[in-house]
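Take a look at the structure below.
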Amino acid sequence: MSDMNRSFAGSMPEFYDRILVPVMFEPFALDLAERLRGITTGQVLELAAGTGVVTRALARLLPAEASITATDLNPAMLDRAKSHRGLDRVQWQVADALAVPFADRQFDCVVCQFGVMFFPDKRAAFREARRVLRPGGQFLFSVWGDRKDSPFEVVAQVVGERLSRDPASLVSPPYNDVDIVRGDLGAAGFAPVTVEHITKLTHSSSARDAAMTMTHGGLIRAAIEAQMPDRLDEITDAAATTIATRFGEGPIDAPLRALLFTAVRPNE
């Protein structure tokens, strides 16, 4: 089991899905799904589906004539995704994005939300996405942008200090240099490639609510449980105090930024 799979096993998928997804991931998932609204038939593949927030949006949006296959490397995350109602139409598959078990030119569209950053060999994953796409098919994926001036940045700093770790090691690895991403996609055979900067406002009812979201449901919680499992509440309190100092005690509406890449497999 990989370190990532080990961190997101047990009760972690439920915490992640219930606490972090609605605040940080769902606004972007709805935006990504809307990009596929014009699809009426064919096959859609989702990579790194996690607990299925994009999958659910696609299942609500796409007509029954369009099939949806959702994959993830982590069985526990997929089990959580499958527990949601209304997803009988979805085909679920544990799969590594670097070697997906599908035929050449099988899919009309491939999507991935906030998963590409974790792929150890991005060009290999991109080559696989291109392989399974039909000519003219699109690969859409989002990555996190600048986290500056967000409660998320504040919490990472607080937790990093408590755990004696670089705050950057507590969040997803950066992969938002447009020139690098374009180069990797081009090397995998995609053209053209477009990028859009997207900002969504995240809402928290209070500083403590914001701290709870960040410390109780994702990579940061996994790090706390690995190093100081008996100090989760103490660290959450410290994060809440720092957020309140920066943003105030009341409701917080703060921007989260992402980049959405759309890459096309050329017609051949």
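The values are calculated or read from the model by the stated rules, or taken from the named source; none is laboratory data. Here the structure is a predicted model, which means the values were calculated and not measured. No Cβ is skipped: glycine too gets one built from the backbone with ideal geometry, and neighbour counts run over all protein chains shown. For the accessible areas, the whole protein counts, side chains as well, though only heavy atoms, and no ligand, DNA or RNA atoms are used. Shrake-Rupley method; radii C 1.70, N 1.55, O 1.52, S 1.80 Å.
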- Report, please, the projected area of the stretch 12-51 averaged over directions, based on the convex hull of its C-alpha atoms, in nm². 3.3 nm²
- Item | Neighbour net charge for Tyr16 - beta-carbon separation under 9 angstrom, K R +1, D E -1 | +1
- Message: What are the ³J(HN,Hα) couplings of the stretch 36-41, residue after residue, when phi is run through the Karplus curve with 6.51, -1.76, 1.60 and θ = phi - 60°? Round to Hz, x for glycine and proline.
- Response: 9, 4, x, 6, 10, 9
- Message: Suppose we keep just the alpha-carbon trace of the stretch 145-268; what are its Rg and Dmax in angstrom?
- Response: 17.7, 58
- Note on the structure: Computed over the chain, protein heavy atoms only, probe 1.4 angstrom, the accessible area per residue in square angstrom equals 44 Å²
- Once phi is turned into θ = phi - 60°, what whole-Hz ³J(HN,Hα) does the Karplus curve with 6.51, -1.76 and 1.60 give for every residue of the stretch 248-256, x standing for Gly and Pro? x, 7, x, x, 10, 10, 10, x, 10
- Debye-sum result for the chain in log10 I(q)/I(0), which assumes one identical scatterer on each alpha carbon, at q = 0.17 Å⁻¹: -1.36
- Accessible surface of the stretch 70-113, 1.4 Å probe, proportion on carbon and sulfur as whole %: 44 percent
- Task: Round to the nearest 0.05 the FRET efficiency obtained for Ala168 and Asp88 when R0 = 35 Å and r is the Cβ-Cβ distance.
- Result: 0.30
- Tally up the carbon and sulfur contribution to the accessible surface of the stretch 150-268 as a whole percent, 1.4 Å probe, everything protein left in place. 51 percent
